[in-house]
Amino acid sequence: MQYHECFAAAYKTARGKFLAAARAAQGDIRSFTHPEETAPDGGPLAIDVACFGDRRAPRQALIVSGTHGQEGFSGSAVQVGWLKSGGAAKLADGVGVVLVHGLNPYGFAHFTRTTENNVDLNRNFIDRSNGAPDNRHYETLHGDLVLAQWTEAENARVDAALERFTAAHGPDVLFDTLARGQYRHPDGLIFGGTAREWSNHTLETVVAETLAGAERVAFIDWHTGIGDYGKPFFLSFNEPSGPLFARACQWWGRENIDGVRPHGMEHPKYTGLVFHGVQRFLGDRPMCGAVVEFGTRGLGMRRVLRLDQWLRRQSDLDPDLRAMLQADMMDAFCPYDGSWRQATLNDGITITDQMLTGLAAWRD
Ligand SMILES: [Zn+2]
């Protein structure tokens, strides 16, 4: 499988490749078109859902791409690659697969990580009956994190503020503060929103319609940005001492799951992940899985997340400058490097098949 058969250069062509591969694999396809937003060229935005295998099977896998918009280019490629490699035809009896393509289609099409409301969709799935979680340190850092201009001097000012914070609290607390989610600053980083996003409601509908009969669910949400360059990195959110965590270790190797440190640091206390949302939608039915990242620029991604937020606030930027900065972002979220893309595609298909083999054998 060649990476350029599966990756695409734009949302529209990524969507086209996914739908064509899903049709060729005789998937049961349903598209949820965004009621208000469109792509930059005026074309539609949709969450596309394709189901394979026995729809009434007690074991189902749910595999999501594009939660973080632009990160969807690689997740989409893995979904397309899995289909083109004949994955759907090889499914074991009693197993079904639900592929969700472009969960945040606005971000995917507009080359940004966040949604139409600048919400980090992977922090939006909190249980709002308890109010929004706190991020105490983010409150003190927010003012320092907003850039007035995209210049080296402004980036150096932010880096200096982060260094002062690290000197006072340590690198793990800084990482947690910049990663866990915050719910008060719509112009900030990792903003989880003040209400459920359209994508969040739509995913609940997808789970209700496609996983109604599932007794056990396997889950992958594809991302990029954490881990060594071109290597997969697993973030498990099953209870670390529990049987579902042990099962994830069985599927993907304990050395890849247990005790791994994102960017060499402690696991942030993420709030409102899609993982948490799907767990809640499933009620008491067990779900085993992971957020699977592919590494790109390591901690250099901090600067890219600032660039993403700065670009979102510029309405009359010179088009050539915007194109240049967006190319830098694309190369950070989904490197143009063909060897990165080929490795991501190959590893992604392997990780999918490992999970499906494990799911087919999941009995207790
Ligand atoms: Zn992500």
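Taking the stated definitions as given, is residue 154 free of Cβ contacts under 8 Å to residues at least 40 places away in the same chain and surrounded by 15 or more Cβ atoms within 10 Å (Cβ to Cβ)? Walk me through how you get there before you give the answer.
Values: free of Cβ contacts under 8 Å to residues at least 40 places away in the same chain: yes; surrounded by 15 or more Cβ atoms within 10 Å (Cβ to Cβ): yes.
Yes.
Quick one: would you say residue 61 is hydrophobic (A, V, I, L, M, F, W, C), buried (at least 24 other Cβ atoms within 10 Å of the Cβ) and more than 16 Å from the ligand (Cβ to nearest atom)?
Numbers: hydrophobic (A, V, I, L, M, F, W, C): yes; buried (at least 24 other Cβ atoms within 10 Å of the Cβ): yes; more than 16 Å from the ligand (Cβ to nearest atom): yes.
Answer is yes for this residue.
Check off (1) in a helix (DSSP H, G or I); (2) at pLDDT below 95; (3) more than 16 Å from the ligand (Cβ to nearest atom) for residue 299 and give me the number that stays unchecked.
For residue 299, the exception is condition (3).
Scan the range 247-258 and tell me whether some residue there is within 16 Å of the ligand (Cβ to nearest atom) and in contact with a Phe, Trp or Tyr (Cβ under 7 Å, 6 or more places away or on another chain).
First, pick out the residues of the range 247-258 that are within 16 Å of the ligand (Cβ to nearest atom): none.
The answer is no, given that none of the residues of the range 247-258 is within 16 Å of the ligand (Cβ to nearest atom) and in contact with a Phe, Trp or Tyr (Cβ under 7 Å, 6 or more places away or on another chain).
Go through (1) open to solvent by 70 Å² or more (accessible area, probe 1.4 Å); (2) touching a Ser or Thr at 6+ places or on another chain (Cβ under 8 Å); (3) of a type outside the set (Phe, Trp, Tyr) for residue 140 and report which single condition fails.
Checking residue 140 against (1) open to solvent by 70 Å² or more (accessible area, probe 1.4 Å); (2) touching a Ser or Thr at 6+ places or on another chain (Cβ under 8 Å); (3) of a type outside the set (Phe, Trp, Tyr), the one that fails is (2).
Among the residues of the range 218-237, what is the count of those that are assigned to a strand (DSSP E or B), more than 14 Å from residue 289 (Cβ to Cβ) and more than 13 Å from the ligand (Cβ to nearest atom)?
Final tally of qualifying residues: 2.
With 311, 325, 305, 345 as the choices, which residue is assigned to a helix (DSSP H, G or I), touching a helix residue (DSSP H, G or I) at 6+ places or on another chain (Cβ under 7 Å) and either farther than 27 Å from residue 231 by Cβ or open to solvent by 40 Å² or more (accessible area, probe 1.4 Å) (or both)? Walk me through how you get there before you give the answer.
Details: 325 fails: either farther than 27 Å from residue 231 by Cβ or open to solvent by 40 Å² or more (accessible area, probe 1.4 Å) (or both); 305 fails: touching a helix residue (DSSP H, G or I) at 6+ places or on another chain (Cβ under 7 Å); 345 fails: either farther than 27 Å from residue 231 by Cβ or open to solvent by 40 Å² or more (accessible area, probe 1.4 Å) (or both).
Being assigned to a helix (DSSP H, G or I), touching a helix residue (DSSP H, G or I) at 6+ places or on another chain (Cβ under 7 Å) and either farther than 27 Å from residue 231 by Cβ or open to solvent by 40 Å² or more (accessible area, probe 1.4 Å) (or both) holds for just one of 311, 325, 305, 345, which is 311.
Got a sec? Which of 16, 81 is at negative phi, open to solvent by less than 10 Å² (accessible area, probe 1.4 Å) and not in a loop (DSSP other than H, G, I, E, B)?
81
I'm told residue 149 meets every condition in (1) part of a loop (DSSP other than H, G, I, E, B); (2) open to solvent by less than 70 Å² (accessible area, probe 1.4 Å) except one. Can you identify the failing condition by its number?
Unmet for residue 149, out of (1) part of a loop (DSSP other than H, G, I, E, B); (2) open to solvent by less than 70 Å² (accessible area, probe 1.4 Å): (2).
For residue 139, state whether it is in contact with a helix residue (DSSP H, G or I) (Cβ under 8 Å, 6 or more places away or on another chain), outside any strand (DSSP E or B) and either modelled with pLDDT of 95 or more or away from the ligand (no atom under 16 Å from the Cβ) (or both).
Numbers: in contact with a helix residue (DSSP H, G or I) (Cβ under 8 Å, 6 or more places away or on another chain): no; outside any strand (DSSP E or B): yes; either modelled with pLDDT of 95 or more or away from the ligand (no atom under 16 Å from the Cβ) (or both): yes.
Taking the combined requirement at face value, the residue does not satisfy it.
Identify, from the list 219, 237, the residue that is touching a helix residue (DSSP H, G or I) at 6+ places or on another chain (Cβ under 8 Å), open to solvent by less than 10 Å² (accessible area, probe 1.4 Å) and aromatic (Phe, Trp, Tyr).
The conditions single out 219.
Would you pick out the residues in the range 284-296 that are within 16 Å of the ligand (Cβ to nearest atom) and either part of a loop (DSSP other than H, G, I, E, B) or surrounded by fewer than 18 Cβ atoms within 10 Å (Cβ to Cβ) (or both)?
Across the range 284-296, the qualifying residue is only 296.
The values are calculated or read from the model by the stated rules, or taken from the named source; none is laboratory data. The model shown is predicted, which means the values in this text are computed figures rather than measured ones. For neighbour counting, all protein chains shown are included, and Cβ atoms are generated from backbone atoms with ideal geometry for every residue, glycine included. The accessibility values were calculated without ligands, DNA or RNA, using every heavy atom of the protein model including side chains. Shrake-Rupley method; radii C 1.70, N 1.55, O 1.52, S 1.80 Å.
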